[in-house]
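None of the figures in this text is laboratory data; all of them are computed from the coordinates on show. What you see is a predicted model; the values in this text were computed from it and never measured. All Cβ positions, glycine included, derive from the backbone under ideal geometry; neighbour counts span all protein chains shown.
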Amino acid sequence: MLRTNLPHLESIDDFKTMLESGKKFAVVCGRMGPMCIPVYDAMENLQPKYEDIKLMDMNFDGPTAAKTIRALPETRNFNGLPFTVYFNEGKVVAATSSIQTKAQIKEILNSKMQ
Amino acid sequence: MENFDVIVLGAGAAGLTAGIYLSRSRMKTLILDTGVVGGQINLTHKVANYPGTGEISGRDLALNMKDQAREFGCKIISQADIIKMDLNSDIKTFEVDDEGIFSSKAVIIATGGKPRELGLESEKKFKGTGISWCATCDGDFFTGKDIAVIGGGNSALEEAVELTKYANHVTIIHEFDHFQAYPWAVEEARNNNKISFLMEQTVTGFTGDEKLSGVRSTHKITGEETVTPVEGTFIFIGYIPNTEAFHGASFLNDRGEIITDESMSTNVPGLFAAGDVRQKRYRQITTAVSDGTIAALSSINYIHSKH
């Protein structure tokens, strides 16, 4: 489990439930490393501003990630942690690889998730 | 508006040290960081030469410093979006999105640096799909693959050796015919049979469709072009100061570094600087800590003399 204050997506069932609900959510899939920690931190910071979007994390090395986030076609070519994937109405609307700034995350939340 | 004695910009080694000294001296102190606490220390897999700690991860060292500053009463806000600032008035002010307006009698700029990029269009294209600035984070994506390391300083050579734990082969591409790294780091890289060297090169671009497939470079003297087939590239070509927010300020040199005297004072009254953001030769955690200490003590003197 990741040591963050974000809600953790830990099982495939939970992931499917989120996806099938059609709700807006974003998953930061990473480790506790220097490129991932700033993204978790930014998400924690942004959560109160985006109450209609659930910002979550997932352990990159867990079995759930292997069958969900890491198995998505949108992350197939990713080679930098974390993988951040944004979902709206059950579909991937944006995906980024490697560190992102709070401003870059805000831009995606504002442009792709509204 | 919330008033402080000193506001420190940046929560890396210099900023946190300043925070520890200021708070312990009963100065009401706020540290604002646009990123996360720790700064570049977070990028260091292992710190082995910081006195008194033994070998420690960069992240743990940063967290220890943060806890120490907080224990003395220092307030720290990370991921701060500074919308507006006034550094020139007697009382300095900062407006931070979602947080409010803060003022102080003195300010210490300790915003550090960030990894330098080559500035090539194709470099942006492959960020996260082949190009990385963090071996610790992304090294294992390249297990069994051929990769390149660009650079010739300590970071480049040390990380190249580290990356041989994962990669099939590492090509170090460097712009000069010699390395800037310490001799022991060069020797370690030269003795590693998974590392080869491509010297006197100007990197001109990266090739590939969806994923990186090669690094294109030309020899600086002969002009001969080489495409090194790799699936990953790690760039370690130094750092640039985080001073975009102060663009055009009189205290910056032509490289964007902050000019200070030995008391860490800038040419603006009440404005100090510390750490890698300063114009100086050596950039180490220990030198940042030293700068932070001096800047804190100088700002306390300044406040006592003025207010």
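When cysteine pairs in chain B are screened for C-beta atoms closer than 4.7 angstrom, the residues that find no partner are B:Cys74. The value for the protein assembly as shown of Rg(Cα) / (2.2 N^0.38 Å) is 1.03. Ranked for footprinting exposure by Cβ neighbours inside 10 Å, fewest first, B:Ile147, B:Ile76 give B:Ile76, B:Ile147. The loop-placed GluC sites (Glu not before Pro) in the stretch B:202-257, going by DSSP, that have at most 12 neighbouring Cβ atoms within 10 Å of their Cβ come out as B:Glu210, B:Glu224. Taking only Cα atoms, what is the 0 to 90° angle, nearest 10, from helix B:154-163's long axis to the longest principal axis of chain B? It is inclined by approximately 60 degrees. Hey, how many Å between the Cα centroid of the stretch B:101-139 and the Cα centroid of the stretch B:1-41? First find each Cα centre; the distance between them is then 20 Å. Taking amide H positions as modeled 1.01 Å from N, with prolines and chain starts lacking one, the residues under 5 Å from B:Gly112 and 5 or more places away or on another chain are B:Asn242, B:Asp276, B:Val277. Using only side-chain charges placed at the Cβ, +1 for Lys and Arg and -1 for Asp and Glu, the dipole size of the protein assembly as shown relative to its Cα centre rounds to 420 debye.
Averaging Cα coordinates gives a centre for the stretch B:209-239 and one for the stretch A:36-100; these two points are 30 Å apart. Helix B:13-24 and the longest principal axis of the C-alpha atoms of chain B enclose an angle of approximately 20°. Each of the chymotrypsin sites (Phe, Trp or Tyr not before Pro) that DSSP puts in a loop and that has at most 12 other Cβ atoms within 10 Å breaks chain B; the longest unbroken stretch is B:1-175.
FRET efficiency for the pair B:Asp98 and B:Glu244, taken as 1/(1 + (r/R0)^6) with r the Cβ-Cβ distance and R0 = 22 Å, rounds to 0.55. Across every direction, the projection of the convex hull enclosing the Cα atoms of chain B has a mean area of 17.1 nm². If you sort the three axes of the alpha carbon gyration tensor as a ≥ b ≥ c, you get a/c of 1.5 or more for the stretch B:117-235 and a/b no higher than b/c, which makes it oblate. Once the Cα-Cα distance is subtracted from the 0.36 nm per residue extended length, the B:Lys145 to B:Glu175 segment shows a gain of 8.4 nm. The C-alpha atoms of chain B define a longest principal axis, and helix B:285-306 lies at about 20 degrees to it. Is the stretch B:12-51 best put as rounded, prolate or oblate by its Cα gyration tensor, with a ≥ b ≥ c the root eigenvalues, rounded for a/c under 1.5, and otherwise prolate when a/b is larger than b/c, oblate when not? It is oblate, given that a/c is not under 1.5 and a/b is not larger than b/c. Placing a label point 7 Å from the Cα of A:His8 along the Cα-to-Cβ line, no residue of the stretch A:74-112 has its backbone N under 15 Å from it. Charges were assigned to the Cβ only: +1 to each Lys and Arg, -1 to each Asp and Glu. The resulting dipole of the stretch A:12-112 about its Cα centre is roughly 220 debye.
Note on chain B: with charges restricted to the Cβ of Lys and Arg (+1) and Asp and Glu (-1), its dipole about the Cα centre is near 680 debye.
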